[in-house]
Structure formats: structure tokens, C-alpha cells
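Please read the structure below before turning to the comments.
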Amino acid sequence: MPFDDYMMVILGMGAVTYIPRWIPLVALSNRNLPEWLMDWLGLIPAAILGSLLIPALITIDNHRSLNLIQPESLAAIPAFAVALKTRSLGLTALVGMMAFWLLEKWF
């Protein structure tokens, strides 16, 4: 594929990524949104993170068979506890990585 085609593909992907984010930003920037909508929108990042993490934590490979006793699932427990107690992203990541490292040595 010629270089110009690659550039057109890259620019096209950039446009389809940027435009859907830009339109609501411009359309809603000067409006006061209802409190219930702001609360609802605030839940979206947690819902997306949960939908990405939970399948990786409780399933094996691509077979999608349920397995709660694996290093990923078990390492999430102390990381979750530290996150709830300290609200520190750095400490949570450190505890999660250390727990995973230790559990991976045993499994």
C-alpha cells in the first residue's frame, strides 16, 4: 500500500475518533445539565472499567470458562481492599502488582 494511502487511513481513523468526542463537547459546553444527568455520566467510567476488568479476572483464556481461583482474581482482592481504604491509585497498583507477582510464583 502506498504511503499516501496509509496517511489517508490514519487521518480517517483520527477523524472518526475525534469528531464523536468533539460534537458533544461543543454542543453541551455552554449548557447547564441537570444534576441527575451529571451523576449518571459520572458512573460511566466505572462501568466501562468494570466491563473490561471482570471478564479478564474471572475467566480463563478465550474459552470463557469461569475460574475464580487464578492469580489475576486473587491479586485483585488485596488491591481492591487497599483501593477502598486508601483511595491511592499508586499504592493500589503497587499492591496489585506485588500480589500478582507472588501469586504467580505459587500457581
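Coordinate-derived values only; no laboratory data. Just so we're clear, the structure is a prediction, and the values are computed from it rather than from any experiment. Heads up, the Cβs are rebuilt from the backbone with ideal geometry, glycines too, and the neighbour counts pull from every protein chain shown.
Before moving on, here are some points about what is shown:
- Selection status of ALA27, among the aliphatic types (A, V, I, L, M) and more than 18 Å from the chain's Cα centre (by Cα): yes
Residue-wise test of (1) loosely packed, with under 10 Cβ neighbours inside 10 Å; (2) in contact (Cβ under 8 Å) with a residue 12 or more places away in the chain.
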| position | (1), (2) |
| --- | --- |
| PHE3 | yes, no |
| MET8 | no, no |
| LEU25 | yes, no |
| ILE58 | no, yes |
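- Among residues of segment 95-107 that are in contact (Cβ under 8 Å) with a residue 12 or more places away in the chain, those with a beta-carbon under 9 Å from a residue that is surrounded by 11 or more Cβ atoms within 10 Å (Cβ to Cβ) and not in a helix (DSSP H, G or I) at least six positions away or on a different chain give the pairs LEU103/GLN70; PHE107/GLN70.
- Meets criteria (without any contact (Cβ under 8 Å) to a residue 12 or more places away in the chain, β-branched (Val, Ile, Thr), farther than 23 Å from LEU94 by Cβ and surrounded by 10 or more Cβ atoms within 10 Å (Cβ to Cβ)) for ILE44: no
- For segment 41-78, residues that are more than 18 Å from LEU102 (Cα to Cα) and either in a helix (DSSP H, G or I) or out of contact with any Pro (no Cβ under 8 Å at 6 or more places or on another chain) (or both) total 25.
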